Amino acid sequence: MLFHPQICKLKDEKFQPFISPEEIEAILRNSQNPSSDQVREVLEVALSRRRLSMEQTAVLLCAEGEENRRLIFEAARRLKREVYGERIVIFAPLYIGNRCINNCAYCGFRASNSAAVRRTLTDEEIVAEVRAMEAQGQKRSILVYGEHPAYDAEYIAHTVRLVYATRDDKDRINRVNINAAPFDVEGFRTIKEAGIGTYQIFQETYHPEIYRRFHPSGRKADYAWRLTSMDRAMEAGIDDVGLGVLFGLGDWRFEVLALVRHTNHLEACFGVGPHTISFPRIQNASNLNRASLNLISDADFEKLVAVLRLAVPYTGLILTARESKELRNRLIDYGVSQIDAGTNLEIGGYSEKRDIQDLDKEQFELMDTRTLAQAVDELVEQGQIPSFCTACYRKGRTGEHFMEFSTKGFIKRFCTPNALLTFAEYLEDYASEASRERGRAMITRKCAEIEDRTLRDTVLDMLSRIRNGERDLLL
């Protein structure tokens, strides 16, 4: 069945598929070769902090030439700084188990890959991993699971509670997100009750035909079940969800527009869009056949990040260690607001150190292998505040409530001070003396930039209390 973009847009209803490839492809065709005036008109809308429509987003995606590229990147840089300030949220993934019934052609964990070393952490091993991460200074983690009957909702909820319980006065993971296979509404309710932060799942590709090609078997072969997973999660009360695409499967412009369409759907059905969007690119994996891939260049990848920042101004953008540190450092300027650091992809890899990557034990090849300390030092050199903040989640500023705060421009008021406070804790508890001195100098500079005198005095008082041993101070 064909859909005309002008007369037959799919209706947004909960639990119902909402992607029309014909509509998206028609919008892209109709947006070819936009003029610089058209590009400027769209950028004016974006800089007013209004979310872009699919048609407006397509204008930026299809804009060619160095002048248009310059305009897009300048606007993305400006919007990023106005909305998010100069801070980067840091987290680290923790792989719990890689047993999997799916056969995704690009993934080292696929069921048919006999070279993959299968493992699920025991409770004792999970505790050891968390202790090792906390010793680095990690405060936020995302737990990652293969899709397998052993990893049901009750098991995932158990592991989330176990991570939260592994703490003392100083070392603690304050926010546990999960990246796991879809569940029904009741399954998601079980997971929510464990206190998860964000539920993250990637559609991988929104094009149904391409999706079938790369997902030939397993539960993941059901395109519609995966597409509507966020509906079920939000129906269950999980109000922070994270979308994503695996770039390198389909046309990147199509996938960006589909992400915007998915955002539309969640806003129409639940009143709030995704908390985060991720955009991983395919990297080398155990026994990966690259012949059928649609790889994306660095230049196009940088552009899609800038366009996403302009299209969804209040959505966090996550760039993982799949990318090199050089590229990650550049993209922080144009839109990225969260990165992982000190990442280890091997199951058990934080507590059982390995000097050499082993793809048969990992989901994909890691490109940025910096330690957390190294990443933090380089962020400071760039003038970015490393943030370990979990205040919004713990104070109820999530989902629709988060949007109420963020769309009024309060992100910088809350997030910059909390970033400084959590960074100060990191410096006191985990940094070398040289890093501590540089970090304290940055905090002094950033505090001087807080215009509200009452707020500045409050932050300075809390910083003094942190130096004297208090912890977990939040605004």
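Hey, can you tell me all the residues within the range 153-181 that are assigned to a helix (DSSP H, G or I) and of a type in the set (Lys, Arg)? So that I can check it myself, show each step before the final result.
Residues of the range 153-181 assigned to a helix (DSSP H, G or I): 153-165.
Scanning the range 153-181 gives a single hit, Arg161.
Does the range 29-41 contain any residue that is touching a helix residue (DSSP H, G or I) at 6+ places or on another chain (Cβ under 7 Å) and touching a residue at least 40 places away in the same chain (Cβ under 8 Å)?
So far as the range 29-41 goes, no, none of its residues is touching a helix residue (DSSP H, G or I) at 6+ places or on another chain (Cβ under 7 Å) and touching a residue at least 40 places away in the same chain (Cβ under 8 Å).
Can you name the number of the only condition in (1) over 24 Å from Phe270 (Cα atoms); (2) free of Cβ contacts under 8 Å to residues at least 60 places away in the same chain that Ala180 fails?
Condition not satisfied by Ala180: (1).
Would you pick out the residues in the range 229-249 that are more than 17 Å from the chain's Cα centre (by Cα) and over 19 Å from Glu13 (Cβ atoms)?
The answer is Gly237, Gly248, Leu249.
Name the residues in the range 324-341 that are under 18 Å from Leu94 (Cα atoms) and surrounded by fewer than 22 Cβ atoms within 10 Å (Cβ to Cβ), would you?
So in the range 324-341, the residues under 18 Å from Leu94 (Cα atoms) come out as 338-341.
Answer for the range 324-341, where residues must be under 18 Å from Leu94 (Cα atoms) and surrounded by fewer than 22 Cβ atoms within 10 Å (Cβ to Cβ): just Gln338.
Within the range 57-115, how many residues turn out to be hydrophobic (A, V, I, L, M, F, W, C), part of a loop (DSSP other than H, G, I, E, B) and either at pLDDT below 90 or out of contact with any Asp or Glu (no Cβ under 8 Å at 6 or more places or on another chain) (or both)? If you could, list the steps in order and put the result at the bottom.
First pass over the range 57-115, keeping only residues hydrophobic (A, V, I, L, M, F, W, C): 58-63, 71-73, 75-76, 79, 83, 88-92, 94, 96, 100-101, 104-105, 107, 109, 111, 115.
Then drop every residue that is not part of a loop (DSSP other than H, G, I, E, B), which leaves 63, 100-101, 104-105, 107, 109, 111, 115.
Imposing the further condition that a residue be either at pLDDT below 90 or out of contact with any Asp or Glu (no Cβ under 8 Å at 6 or more places or on another chain) (or both) reduces the set to 63, 105, 107, 109, 111, 115.
Selection size over the range 57-115: 6.
Pick from the range 83-129 the residues that are of a type in the set (D, E, K, R) and touching a residue at least 40 places away in the same chain (Cβ under 8 Å): which of them is nearest to Ser387 (Cα to Cα)?
The initial filter retains those residues of the range 83-129 that are of a type in the set (D, E, K, R), namely 86-87, 99, 110, 118-119, 123-125, 129.
Applying the additional criterion that residues be touching a residue at least 40 places away in the same chain (Cβ under 8 Å) yields 86-87, 99, 119, 125, 129.
Details: Glu86: 10, Arg87: 6, Arg99: 33, Arg119: 32, Glu125: 27, Glu129: 22 Å.
Filtering first and then ranking leaves Arg87.
Kindly check whether there is at least one residue in the range 312-323 that is modelled with pLDDT of 95 or more, in a helix (DSSP H, G or I), surrounded by 20 or more Cβ atoms within 10 Å (Cβ to Cβ) and not assigned by TED's automatic domain parsing to the domain that holds Ala419.
No, the range 312-323 contains no residue that is modelled with pLDDT of 95 or more, in a helix (DSSP H, G or I), surrounded by 20 or more Cβ atoms within 10 Å (Cβ to Cβ) and not assigned by TED's automatic domain parsing to the domain that holds Ala419.
A quick yes/no check of all residues on (1) under 23 Å from Glu125 (Cα atoms); (2) surrounded by fewer than 19 Cβ atoms within 10 Å (Cβ to Cβ):
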residue	(1), (2)
Gln138	yes, no
Val144	yes, no
Val163	yes, no
Asp168	yes, yes
Phe183	no, no
Phe188	no, no
Lys192	no, yes
His207	no, no
Pro216	no, yes
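Determine if the range 26-45 includes at least one residue that is at pLDDT 95 or above, within 19 Å of Asp300 (Cα to Cα) and in contact with a Phe, Trp or Tyr (Cβ under 9 Å, 6 or more places away or on another chain).
Within the range 26-45 (the criterion being at pLDDT 95 or above, within 19 Å of Asp300 (Cα to Cα) and in contact with a Phe, Trp or Tyr (Cβ under 9 Å, 6 or more places away or on another chain)), the answer is yes, since at least one residue qualifies.
Need the failing condition index for Leu52 against (1) outside any strand (DSSP E or B); (2) in the same structural domain as Val307 (by TED's automatic domain parsing); (3) in contact with a Leu (Cβ under 7 Å, 6 or more places away or on another chain), just the number.
(2)
Go through the range 194-236 residue by residue and tally those that are assigned to a loop (DSSP other than H, G, I, E, B) and not aliphatic (A, V, I, L, M).
Counting residues in the range 194-236 that are assigned to a loop (DSSP other than H, G, I, E, B) and not aliphatic (A, V, I, L, M) gives 14.
Which of the residues spanning the range 406-445 are at pLDDT 95 or above, basic (Lys, Arg) and either assigned to a loop (DSSP other than H, G, I, E, B) or within 16 Å of Asp461 (Cα to Cα) (or both)?
Arg440, Arg445
In the range 27-63, what count of residues is obtained for those that are of a type in the set (A, V, I, L, M) and under 13 Å from Arg253 (Cβ atoms)? Explain how you work it out, then say what you get.
So in the range 27-63, the residues of a type in the set (A, V, I, L, M) come out as 27-28, 39, 42-43, 45-47, 52, 54, 58-61, 63.
Subsequent filtering for residues that are under 13 Å from Arg253 (Cβ atoms) retains 27-28, 54, 58-61, 63.
Final tally of qualifying residues: 8.
Of the residues Glu86, Glu64, which is surrounded by fewer than 22 Cβ atoms within 10 Å (Cβ to Cβ) and under 21 Å from the mean Cα position of the chain (by Cα)?
Details: Glu64 fails: under 21 Å from the mean Cα position of the chain (by Cα).
Exactly one residue qualifies, and that residue is Glu86.
The values are calculated or read from the model by the stated rules, or taken from the named source; none is laboratory data. Keep in mind that what you see is a predicted model, and the values were worked out from it rather than measured. Cβ sites come from the backbone with ideal geometry, for glycine too, and all protein chains shown count toward neighbours.
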